[in-house]
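Derivation of every value follows stated rules applied to the coordinates shown; laboratory data play no part. Keep in mind that this is a model prediction, so the values were computed, not measured. Because the Cβ atoms are built from the backbone with ideal geometry, glycine has one as well, and the counts that use them run over all protein chains shown.
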Amino acid sequence: MLQSNNIVLIFLLFISLVVFYAFAENPTPYNEWDFDIANVELRQNKFDLEKLDISITVLYKGGLPEGTANFYANVTNPDGYSHMLFGQTRDMSIGQTQRIDLIAHIPMDGKYSVDVWLSPPEKPFLDHVFDTKDATYTIDLNGREKSIKSSGDYSDEMVSYSLDDYTDKIQ
C-alpha cells in the first residue's frame, strides 16, 4: 500500500511539472522556433479616448536563424463581449525583439482584460503555443470623455459658449 502511494505521489508531481511547463515558455520540440512575450502594455489613446493601445514586445530565441510567429489578442469588454485581434512578427533574428501595436475599441467604462498568445504560422506546429500573457486595464467612470474648459455669455436673446483658449489641442 505504501509503495502505491509513492507511485501516485510521483505521478502527481510529474503531472504538475508538465502542466506548469505547458503554460510557461514553450519552444517547438527541437527548439527550431522559440518566441516569448517580453511585455504587454495597455494604455488609453490620448488622441482618441475610445481606443485602447495594446503594445506587445516579442523576443525570438530559436535555433533557426530567422523566425516568424502569429500573435493573437483576445480583448474582453466589461460586459463580457470579446473580440480577437491578430498580427504577425516577421523574419526575426535570434535575440531580436519586435514591438507590435494593436488598437482596440473601448465602447464603455470599466475593466478590460486582454489575453495574448503566440503560435507558429505554419504546419506542423499550428496548434502549438509559445507563450501567453494576460493584462487588464480599467477605464474610470467617464474616462472616455475629455473635459473642455468653457466660458459663457448671457444676453436676453441668447446664451453663447466659447472655449477658454481655442488654440488648445487635445493632448
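Taking the criterion of being crowded, with 17+ Cβ neighbours inside 10 Å and touching a Gly at 6+ places or on another chain (Cβ under 7 Å), the only residue of segment 62-82 that qualifies is Phe71. Scanning segment 99-116 for residues that are part of a strand (DSSP E or B) and closer than 14 Å to Thr76 by Cβ gives Ala104, His105, Gly110, Lys111, Tyr112, Ser113, Val114, Asp115, Val116. Only residues that are of a type in the set (Phe, Trp, Tyr) and without any contact (Cβ under 8 Å) to a residue 40 or more places away in the chain were counted in segment 49-78, giving 1.
For (1) surrounded by 14 or more Cβ atoms within 10 Å (Cβ to Cβ); (2) acidic (Asp, Glu); (3) closer than 17 Å to Glu50 by Cα; (4) in contact with a His (Cβ under 9 Å, 6 or more places away or on another chain), each residue gets a yes or a no:
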position	(1), (2), (3), (4)
Leu85	yes, no, yes, no
Met92	yes, no, no, no
Gln98	yes, no, no, no
Ser119	yes, no, no, yes
Leu126	no, no, no, no
Asp134	no, yes, no, no
Leu141	no, no, yes, no
Lys146	no, no, yes, no
